[in-house]
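The values are calculated or read from the model by the stated rules, or taken from the named source; none is laboratory data. Quick caveat: nothing in here was measured; it's all calculated off a predicted structure. In this analysis, Cβ positions are derived from the backbone assuming ideal geometry, glycine residues included, and neighbour counts consider all displayed protein chains. Ligands, DNA and RNA are stripped out before the accessible areas are found, and what is left, the full protein with its side chains, is counted by its heavy atoms. Shrake-Rupley method; radii C 1.70, N 1.55, O 1.52, S 1.80 Å.
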Amino acid sequence: MDVIVIGAGLAGLTAARTLQRAGKRVRVLEASAVVGGRVQSRERSGFTLDAGYQVLFEAYPAVERQLDLSALDLVRIPPSAAIRLGTKEELLGDPRRDPGVIPGLLTARSLTVKDRLLFGRLAASVAVVPPHTLLTGPDEPTHAYLGRMGFSNTVLERFFAPFFGGIFLRRDLSTSARLFRYYLRMLLSGPVSLPRHGMSVLSGQLASELTSSGAITFNARALKLTPHSRGVSVTTSLGELDAPQVIVATDPPSAAQLLGEDVSRGSVSSTYLYYAVDTAPDAQFRLLLNPVGGLGNSALINNAQWLSHLLPERAPVGQHLLTVTVLGNPELDDAALDTAVRAELSVWYGPQVAALRTLAVERIAHAQYPQSPGYAAQLPGHTTRLPGVLLAGEITSMSGIQGALESGERAAAIMLGDLATMSRPRGA
Ligand SMILES: Cc1cc2nc3c(=O)[nH]c(=O)nc-3n(C[C@H](O)[C@H](O)[C@H](O)COP(=O)(O)OP(=O)(O)OC[C@H]3O[C@@H](n4cnc5c(N)ncnc54)[C@H](O)[C@@H]3O)c2cc1C
């Protein structure tokens, strides 16, 4: 064996597949029983539930390189949202790709006239430069950047906070403005999609060649790394393994433990509630934003979506699936959280909330890491203090699918001496 890759998330799978394609003998060790790490799906009472609510930006440059999008059976999500104001709603979004928002854009009270003009200017400013250049240069919190541009507090609180709160998993808009501009570019320059049959289709595609060659060992947790003169010994829950080189592609907290090095940069957690119902109280298929609380977390619901309106295959025939995102990990137990979320939903849907059946409550302790202004300068590189051991995973790049894929590409490139990939800028 030439290389052991620890972790079968997007980063580990990308690194392992690249190395295997280059002729290396690869062994992937995965602690769980499935591939995908944070990108996976499961079935519950006939419903397909993703791990949390996540979407695929098709414009991610690494997605174009690593995935065959035509084989993922993708369904495009409208690049728009419905701001829920009690029982009413206001639509906002990209009018070129969702013309249904045009009347709302003209009349919405969540926007001032100036906000409408500024949206155009902001979109134009991110469209004219290569995307990766948006990640470089001086940085500031997103709220400061948008405030400096002249956006009103109302649109910050009602739209930007919950919409980008759903992406960066914090709604105070304290995330790097550089990253905000990069994600906005991704949103505007390509479709946002979901695989019809669940996000796990994505990791399944990355894993397929490795699965066929029998390169992945499941339920194998790496416990300790011991470098020696011929390579590295990996102590696992299934026994001892040896290889000349190792890539650690776990989540950042696990990588920090394995490497004995402070490569974790903290965790942002999020919580999801999945509801089933026979008759949906809402026909809205767009993302639902909860403006209550503004830039703070005083409401539980940040955003929600009737996923089965876009993807009927995610629910049994005649039933509907609602996914609710709560940011952080509330101190309420599951039953109390469910009751509190239902109370907020009843402001939108009244007594019809009683018909919702709770399918699952899911808490994800490490969904992303915080990406405050200047975060990129603090990230660990691929080399570690252990000889023969490289680090991959989103923590070396940015917390998302692009970051995970490009980190796997780069770790493999370092082993293969592939200078072109090694020198590709972050986000390109
Ligand atoms: C709820 C949620 C929503 C998100 N939304 C989006 C989104 O909309 N768009 C986007 O771009 N990104 C999103 N992300 C982020 C994105 O999913 C992650 O950044 C990316 O999947 C991380 O991939 P990774 O390979 O670096 O790590 P992981 O996916 O964490 O993979 C690590 C793997 O290592 C395994 N492992 C851990 N320890 C060990 C060990 N000791 N031995 C063996 N194996 C081990 C784990 O089981 C796991 O399979 C979201 C994430 C979450 C959780």
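A few notes on this one:
- For segment 84-110, taking the residues that are in contact with a Gly (Cβ under 9 Å, 6 or more places away or on another chain) and of a type in the set (A, V, I, L, M), the one that is surrounded by the fewest Cβ atoms within 10 Å (Cβ to Cβ) is identified as 105.
Matching residues to (1) open to solvent by 10 Å² or more (accessible area, probe 1.4 Å); (2) touching a strand residue (DSSP E or B) at 6+ places or on another chain (Cβ under 9 Å); (3) small (Gly, Ala, Ser):
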{"residue": "18", "(1), (2), (3)": "yes, no, no"}
{"residue": "25", "(1), (2), (3)": "yes, yes, no"}
{"residue": "29", "(1), (2), (3)": "no, yes, no"}
{"residue": "40", "(1), (2), (3)": "yes, yes, no"}
{"residue": "63", "(1), (2), (3)": "no, yes, no"}
{"residue": "71", "(1), (2), (3)": "yes, no, yes"}
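- Flag for residue 355 being open to solvent by 20 Å² or more (accessible area, probe 1.4 Å) and aliphatic (A, V, I, L, M): yes
- Which listed residue is free of Cβ contacts under 8 Å to residues at least 24 places away in the same chain, more than 26 Å from residue 364 (Cα to Cα) and among the small types (Gly, Ala, Ser), from 214, 190, 150: 214
- Search result, residues across segment 243-263 that are more than 8 Å from the ligand (Cβ to nearest atom), assigned to a loop (DSSP other than H, G, I, E, B) and either under 13 Å from residue 384 (Cβ atoms) or open to solvent by less than 10 Å² (accessible area, probe 1.4 Å) (or both): 260, 261, 262, 263
- Looking across segment 43-56, just one residue is in contact (Cβ under 8 Å) with a residue 60 or more places away in the chain, outside any loop (DSSP other than H, G, I, E, B) and surrounded by fewer than 20 Cβ atoms within 10 Å (Cβ to Cβ), and that is 44.
- Residue 210 falls short of the stated requirement of being within 11 Å of the ligand (Cβ to nearest atom), assigned by TED's automatic domain parsing to the domain that holds residue 25 and buried (at least 19 other Cβ atoms within 10 Å of the Cβ).
- So residue 170, is it open to solvent by 30 Å² or more (accessible area, probe 1.4 Å), part of a loop (DSSP other than H, G, I, E, B) and touching a strand residue (DSSP E or B) at 6+ places or on another chain (Cβ under 7 Å): yes
- Meets criteria (of a type in the set (A, V, I, L, M), farther than 27 Å from residue 286 by Cβ, surrounded by fewer than 21 Cβ atoms within 10 Å (Cβ to Cβ) and within 12 Å of the ligand (Cβ to nearest atom)) for residue 5: no
- Residues of segment 135-159 that are in a helix (DSSP H, G or I), surrounded by 17 or more Cβ atoms within 10 Å (Cβ to Cβ) and not hydroxyl-bearing (Ser, Thr, Tyr): 135, 143, 146, 155, 156, 157, 158, 159.
- Listed by first and then second residue, the pairs with beta-carbon distance under 7 Å, at least 6 apart or on different chains, first residue in segment 157-170 and within 12 Å of the ligand (Cβ to nearest atom), second assigned to a helix (DSSP H, G or I), are 164/142; 164/180; 167/183.
- In the set (1) surrounded by 15 or more Cβ atoms within 10 Å (Cβ to Cβ); (2) within 16 Å of the ligand (Cβ to nearest atom), the condition left unmet by residue 428 is number (1).
- Filter result for residue 162 (over 28 Å from residue 369 (Cα atoms), outside the structural domain of residue 324 (by TED's automatic domain parsing) and either open to solvent by 10 Å² or more (accessible area, probe 1.4 Å) or assigned to a helix (DSSP H, G or I) (or both)): no
- Residue in segment 359-373 that is surrounded by fewer than 20 Cβ atoms within 10 Å (Cβ to Cβ), among the β-branched types (Val, Ile, Thr) and either within 28 Å of residue 330 (Cα to Cα) or out of contact with any strand residue (DSSP E or B) (no Cβ under 6 Å at 6 or more places or on another chain) (or both) present: yes
- Within segment 250-286, being under 23 Å from residue 373 (Cα atoms) and of a type in the set (A, V, I, L, M, F, W, C) holds for 256, 263, 268.
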